[in-house]
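Report on the following structure.
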Amino acid sequence: MADQRGTAPAIVGFVDLARNESDPAKRDEYLSLAAASGEHLLAIINDILDFSKAEAGELALETIDFDLHHKVSDTMRMVNQ
């Protein structure tokens, strides 16, 4: 639950920074971080829904390929802002 409370304000914060930024490169970076934070929040919500499915006995597991380096890099960009 703490992740949700941290991710939603990050999205709002990055959008606010983008609104007030005159440098197009920085504005694009803030919007990129807001989008990444939104994707992170969506993943958290999906995880919560999966827990609900698991409790109801309706969870089906799946294998998903992902780029660990890319995920870590995105996370580090968000943390360093």
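The values are calculated or read from the model by the stated rules, or taken from the named source; none is laboratory data. Just so we're clear, the structure is a prediction, and the values are computed from it rather than from any experiment. Here the Cβ is made from the backbone with ideal geometry for all residues, glycine too, and neighbour counts use every protein chain on show. Surface areas here come from the heavy atoms of the whole protein model, side chains and all, with no ligands, DNA or RNA. Shrake-Rupley method; radii C 1.70, N 1.55, O 1.52, S 1.80 Å.
For the stretch 35-42, state whether one or more residues are polar (S, T, N, Q), open to solvent by less than 100 Å² (accessible area, probe 1.4 Å), within 10 Å of the chain's Cα centre (by Cα) and at pLDDT below 85. No, there is no match, as no residue in the stretch 35-42 is polar (S, T, N, Q), open to solvent by less than 100 Å² (accessible area, probe 1.4 Å), within 10 Å of the chain's Cα centre (by Cα) and at pLDDT below 85. Considering only residues in the stretch 5-28 that are at pLDDT below 90 and more than 22 Å from His70 (Cα to Cα), the one that is least open to solvent (accessible area, probe 1.4 Å) turns out to be Pro9. A count restricted to the stretch 33-81 and to residues that are outside any helix (DSSP H, G or I) and out of contact with any helix residue (DSSP H, G or I) (no Cβ under 7 Å at 6 or more places or on another chain) stands at 11. Answer with yes or no whether Leu31 is touching a residue at least 12 places away in the same chain (Cβ under 8 Å), open to solvent by 50 Å² or more (accessible area, probe 1.4 Å) and closer than 19 Å to Thr75 by Cβ. The answer is yes for Leu31. None of Lys26, Lys53 is over 16 Å from Gln81 (Cα atoms) and either in contact (Cβ under 8 Å) with a residue 40 or more places away in the chain or not hydrophobic (A, V, I, L, M, F, W, C) (or both) except Lys53.
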